[in-house]
Amino acid sequence: MVHRVFNFNPGPATLPLTVLQEAQKELLDYSGLGMSVMEMSHRSRDFEEIIGSAEELMLEVTGLSDDYQVLFLQGGASLQFAMLPLNFLPPDAVADYIITGSFASKACQEAERVGKVHIAASTKNDNFRSIPEQHDIKLSDSPAYVHITTNNTIYGTQWKYIPDCGEVPLAADMSSDILSRELDMSRFSLAYAGAQKNLGPAGVTVVIIKKNLLERASKNIPAILSYKTHAEARSLYNTPPTFAIYILKLVLNWVKEKGGLKILGDINKKKAALIYDIIDKSDGFYRGHAFKEARSDMNITFRLADENLEKIFTEEAAREGLIGLKGHRSVGGIRASLYNAMPMEGVEALSRFMKDFMNRKG
Ligand SMILES: *Cc1c(COP(=O)(O)O)cnc(C)c1O
């Protein structure tokens, strides 16, 4: 038996075991071709089949029609922070950003380098413990688009509704909760996610874009930064991260076999509730960072009343095979990332550890 830990890292993160096993089985000889996917031409029919089914599966599991195109790009979510305004923020227009955490701020700062930006809402004043309500959002007169971050990986908050922006295109960074729950994806004109949290290995970034938005993209930018270039070339403008796309395809198959987003969303809710319940019943021994109504089902952030115990907590947990629990330096404390691929047994093991730790130290 291979030794596997329960990996609570925020990203790169744990992947479904069956996906890794399948990749292992096909590593030396993919489909009788006598070579690995890594060694294959990205222009070969066999690779086109892989990327084509990854596109189809992405539309299928998100419930989107072919009004949308799926792109597999590089540069992470961070490149999307720049590509979005470069393509869709013309010189005389304004883009609206909603600031709910570090990555949302970074996205906004990149847009400020390109053009004019309006901050339509921010939760910085409560140290990003909340998500703005609809009535807190003050859009500018006629924004080119509105940008949100659906899940705030560092602070552990998550949008529970999709803001109503009227006819204005809504763009979203979904890096840390894409495919984690049922969501009306057709409300978004553009969604992007670095794969390394909920979709696959680092190196590939998924962009889902509405075709009628593509028409509006700027023509005065380098080809490599243009969504149109990649859309026309079906993500094969230059050599894409072929192996990462192949693993992503296996993960999408796994999502489908699991029963899709409604079922995964229910499981994710149960997993998160198990940990939040312990925090809530701990009499202040554990203290959640996010306000209850904004809590993320993906990244659970909390501190210990006695902050000196936090290091001991992560060290003891690691000895029990529960790794990656150290919080981000801007929140401190503990962060448990419970992405799709974290099995219920891992969450149960963490909950037993948390109870036991509290009984011993509380
Ligand atoms: C991890 C993360 C990013 C950064 O992603 P890179 O792929 O490293 O550029 C951006 N946004 C969110 C919400 C994230 O969780």
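Quick one: compute the contact order of the chain, relative version, from alpha carbon pairs under 8 angstrom and 6+ residues apart, as a percent.
Contact order relative to length: 22 percent.
Connecting C-alpha atoms closer than 10 Å in a GNM of the chain, tell me which of VAL70, VAL37, VAL204 has the biggest fluctuation.
Looking only at VAL70, VAL37, VAL204, the largest GNM fluctuation is found for VAL37.
Can you list the residues, at least 5 places off or on another chain, whose amide H is less than 5 Å from the amide H of VAL94, using H built in the peptide plane?
Hits under the 5 Å cutoff: ALA144.
Roughly how many nanometres apart are two label points built 7 Å out from the Cα toward the Cβ at TYR161 and ASP356?
4.3
Can you compute the charge dipole magnitude of region 92-182 about its Cα centre, using +1 on each Lys and Arg Cβ and -1 on each Asp and Glu Cβ, nothing else charged? Give it in debye, rounded to the nearest 20.
Roughly 320 debye, rounded to the nearest 20.
Can you order the peptides 45-51, 147-153 by their average number of other Cβ atoms within 10 Å per residue, highest first?
Result, highest mean first: 147-153, 45-51.
Between VAL5 and ARG45, what is the label-to-label distance in nm when each label sits 7 Å out along the Cα-to-Cβ direction?
Taking the two extended label points, one gets 4.5 nm.
Just the number please: accessible area per residue for region 218-264, 1.4 Å probe, all protein chains included, in Å².
In whole numbers, region 218-264 has 46 Å² accessible per residue.
Which one, PRO143, MET342, LEU71, projects farthest toward the positive side of the charge dipole computed for the chain from Cβ point charges (K/R +1, D/E -1)?
MET342
Of ALA202, ILE323, PHE285, which is farthest on the positive side of the dipole of the chain, counting Cα position, with +1 on Lys and Arg Cβ, -1 on Asp and Glu Cβ, and the Cα centre as origin?
PHE285
In the chain, what percentage of the DSSP-assigned beta bridges are antiparallel, given to the nearest 5?
Antiparallel bridges make up about 55 percent of those DSSP assigns within the chain.
By how many nm would the segment from LYS25 to GLU320 lengthen if fully extended, with 0.36 nm per residue of separation less the alpha-carbon distance?
103.3 nm
In whole percent, and with a 1.4 Å probe on the protein chains, what portion of the accessible area of region 18-258 is carbon and sulfur?
With neighbouring chains kept in place, the figure for region 18-258 is 48 percent.
How much length is gained if the chain between ARG234 and SER65 is pulled fully straight, taking 0.36 nm per residue apart and subtracting their Cα-Cα distance, in nm to one decimal?
59.2 nm
With helices defined as uninterrupted DSSP H runs, which ones in the chain have an alpha carbon span along their own long axis of at least 20 Å and mean Kyte-Doolittle hydropathy of at least -1.0?
Going by DSSP H runs, the hits are 45-62, 242-258, 261-280, 344-361.
Sorting check: for 84-92, 135-143, 100-108, which peptide has the highest mean count of neighbouring beta carbons within 10 Å, and how do the rest follow?
By packing density, highest mean first, the sequence is 100-108, 84-92, 135-143.
Just how large is the dipole of the chain about the Cα centre, in debye to the nearest 20, putting +1 at every Lys and Arg Cβ and -1 at every Asp and Glu Cβ?
740
How big, in percent, is the set of alpha carbon pairs in the chain lying more than 33 Å apart?
31
Among TYR145, TYR30, TYR227, which one shows the highest mean-square fluctuation when the chain is modelled as a Gaussian network with alpha-carbon springs under 10 Å?
TYR30
Taking the C-alpha atoms of region 260-361, how large are the radius of gyration and the largest Cα-Cα span, Dmax, in Å?
Rg then Dmax for region 260-361, in Å: 12.9, 42.
For region 55-75 and region 146-208, what is the centre-to-centre distance using only Cα atoms, to the nearest Å?
First find each Cα centre; the distance between them is then 13 Å.
Under a cut-off of 23 Å between alpha-carbon atoms, report the lysines in cross-link reach of LYS269, not counting same-chain residues fewer than 8 places apart.
Those lysines meeting the cut-off are LYS160, LYS197, LYS256, LYS258, LYS281, LYS292, LYS326, LYS355.
Two decimals is fine: what is log10 I(q)/I(0) at q = 0.08, 0.16, 0.18 Å⁻¹ for region 1-140, from a Debye sum with one equal scatterer on every Cα and no solvent?
Log-scaled intensity ratios, in q order: -0.40, -1.10, -1.18.
Send over a whole-number figure in Å² for the accessible area per residue of region 1-93, probe 1.4 Å.
Value for region 1-93: 54 Å² per residue.
In the neighborhood of GLU22, defined by Cβ-to-Cβ distances under 15 Å, what is the net charge if each Lys or Arg adds +1 and each Asp or Glu adds -1?
With Lys, Arg at +1 and Asp, Glu at -1, the net is +1.
The values are calculated or read from the model by the stated rules, or taken from the named source; none is laboratory data. Everything quoted here is computed from the prediction, not taken from an experiment. Glycine also receives a Cβ, built like all others from the backbone with ideal geometry; neighbour counts cover every protein chain displayed. The area values use the complete protein model at the heavy-atom level, side chains included, leaving out ligands, DNA and RNA. Shrake-Rupley method; radii C 1.70, N 1.55, O 1.52, S 1.80 Å.
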